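Input: a single structure, listed below in structure tokens.
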Amino acid sequence: MKEKITNRIFGLDILRSLAIIIVVISHSNFNYISNIHILPLPDGVDLFFVLSGFLIGTIIIKIIEKNENFNIIGVFNFLIRRWFRTLPNYFLFLLINILLIYFGLIKGVLNKFAITYFVFFQNFYKPYDFLFWESWSLSIEEWFYLLFPLTLLGLFILTRYKIKAKRIILITIILFLLFPLIFRLFQANKSLDYDLYFRKLVLTRLDTIGYGLLGAYIHWYYYEFWRKFKNIFFVIGLILLFYLTTINLQILFFLKTMYISLIGLSIFFLLPKLESFKNEKIPLKPFQFISKISFSMYLIHIPLIQIFSNTFSFSNKYAAILIYIIFWILLILLSFFVYTFYEKPLMNIRERIKIKEYGSRKK
């Protein structure tokens, strides 16, 4: 492979920016703003999942190929860097949500199950949907960060490093694609709510991230194929994604099983083209800016929506539009503040930490 993924890829910044904008739009459906959903939009969280799988998969593949090995130190190195990126923001906003609920500023229930949110167990196999509503997707991400490298490590140990790393990575990706689908198939005939028991559980959604892993695998090991068919894949992805976001999903068995897999597959097809996007014709800075603050935007937007809904009355559509504009401005300003003075300084600390390296295996 000649090219490798860089720290910032314009097309992926576009995808991340669109993902957070779609998420906020879908949740900020204030009175008189309901007509904002004119076009069929994909689920922004699905975009985040596939993108995360692609980026994390690429990072781990690079670690393995660089060292010709993968051991507990490699897992530790990866997790430390990930946790510096995600956990500080997560726990900050978990505590903020608890305080806002305690003082009655937003809706939610505080009970004994709150402890599950501190160990990302709130939606592992069944839902506890009573506070920090948006954390369901963050829990899925955190379990992915943990389970993917540990599964790789387990396979390396079981095979005693005698099977090529490329094959072990592929086997792991296949496991991540198949297990959630099989689990959904066993659950599909039960009278369980789709949103809570299929869309928002760790055990049912890891395959969406798995399609991003598949993208990272093909990008790394079959780059010429990845680049050659990027335009065809992009068209296929757009058609499939549009179809899935416009069909009438009345067949519950399909919705609970293959629909989730096909959503991940459709976004996977978009990756080769997006990964090759350059910024000669499209302004870079707005997308890069939104992409950088997207994590903070995701964590802030739902509490802010609830506070706005409880504070302002929407007597007519013009007042609603004005409040909606103010909401977006405040959301971006708060997200920029959190990113600049909390998130980014912690990431800078991460870059200064010297973590023990490990060498290549002996041949």
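At 1.4 Å probe size, with the rest of the protein present, what percent of the exposed accessible area of the chain is carbon and sulfur atoms? C and S fraction of accessible area: 67 percent. Scaled against 2.2 N^0.38 Å for its residue count N, the alpha carbon radius of gyration of the stretch 220-306 is 1.41.
Percent relative contact order of the chain, based on C-alpha pairs within less than 8 angstrom and at least six residues apart?
Values: 415 pairs, mean separation 112.8, N = 363.
Relative CO of the chain lands at 31 percent.
The Cα atoms of the stretch 200-260 give a gyration tensor whose axes a ≥ b ≥ c have a/c of 1.5 or more with a/b no greater than b/c, which makes the shape oblate.
Pairs of Cα atoms nearer than 8 Å and 6+ residues apart set the relative contact order; for the stretch 74-151 it is 31 percent.
Rg and Dmax of the stretch 86-162, both derived from C-alpha coordinates alone, stand at 16.2, 58 Å. With a ≥ b ≥ c taken as the square roots of the eigenvalues of the C-alpha gyration tensor of the stretch 129-266, please select rounded if a/c is under 1.5 and otherwise prolate if a/b is larger than b/c or oblate if it is not? Oblate is the answer for the stretch 129-266, as a/c is 1.5 or above yet b/c matches or exceeds a/b.
Rounded to the nearest 20, the size of the Cβ-charge dipole of the stretch 179-281 about its Cα centre is 80 debye, with Lys and Arg at +1 and Asp and Glu at -1. Working ranking of peptides 289-299, 321-331 by packing, defined as the average number of other Cβ atoms within 10 Å per residue, highest first, is 289-299, 321-331.
Spacing of the modelled spin labels on Ile321 and Ile182, each 7 Å from Cα toward Cβ, amounts to 5.5 nm. If R0 is taken as 41 Å, the Cβ-Cβ distance between Ile174 and Leu284 corresponds to a FRET efficiency of 0.65. Compactness check for the stretch 16-138: Cα Rg over 2.2 N^0.38 Å is 1.32. Along the charge dipole of the chain, pointing to its positive end and built from +1/-1 on Cβ of Lys, Arg, Asp and Glu, which listed residue (Ala19, Val45, Phe277) has its Cα farthest out? Towards the positive end, the residue furthest out is Phe277. Angle of helix 165-187 to the longest C-alpha principal axis of the chain, folded into 0 to 90 degrees and rounded to 10: 40°. At q = 0.11, 0.13 Å⁻¹, what is the base-10 log of I(q)/I(0) for the chain according to the Debye formula with one equal point scatterer per Cα and no solvent? Please give it to two decimals. Scattering profile of the chain, log10 relative to I(0): -0.82, -1.17.
Grab the Cα-Cα distance for Thr246 and Lys126, subtract it from 0.36 nm times how many residues apart they are, and report the gain in nm with one decimal. Intermediate results must be reported in sequence, preceding the final value.
Working: separation 120, 0.36 × 120 = 43.20 nm, distance 2.83 nm.
Computed gain between Thr246 and Lys126 is 40.4 nm.
Classify the stretch 75-124 as rounded, prolate or oblate from the Cα gyration tensor: take a ≥ b ≥ c as the square roots of its eigenvalues, call it rounded if a/c is under 1.5, otherwise prolate when a/b beats b/c and oblate if not. Oblate, since a/c reaches 1.5 and b/c is not below a/b. In this label model, Arg160 and Leu330 are separated by 6.4 nm, measuring between points 7 Å along each Cα→Cβ vector.
State which entries of Lys230/Lys292; Lys164/Lys230; Lys62/Lys164 exceed 23 angstrom in Cα-Cα distance in the structure shown. Let's see the in-between values first.
Working: Lys230/Lys292 26 Å; Lys164/Lys230 27 Å; Lys62/Lys164 14 Å.
Those over the limit are Lys230/Lys292; Lys164/Lys230.
Using the per-residue mean of other Cβ atoms lying within 10 Å as a proxy for protection, in what order, highest first, do the peptides 53-62, 187-196, 115-124 fall? Show your work: numbers first, answer last.
Numbers: 53-62: 21.5, 187-196: 12.6, 115-124: 17.0.
Taking the mean over residues of other Cβ atoms within 10 Å, the ranking is 53-62, 115-124, 187-196.
Of the peptides 44-51, 127-134, 268-275, 304-311, the order by per-residue mean of other Cβ atoms within 10 Å, starting with the highest, comes out as 44-51, 268-275, 127-134, 304-311.
For the Cα atoms of the chain, what angle does the longest principal axis make with the long axis of helix 44-67, in degrees from 0 to 90, nearest 10? Around 20 degrees separate the two axes.
The values are calculated or read from the model by the stated rules, or taken from the named source; none is laboratory data. In this text the structure is predicted, and so the values were computed from the model without any measurement. We place every Cβ from the backbone using ideal geometry, glycine too, and count neighbours over all the protein chains shown. These area figures cover heavy atoms from the full protein model, side chains too; ligands, DNA and RNA do not enter into them. Shrake-Rupley method; radii C 1.70, N 1.55, O 1.52, S 1.80 Å.
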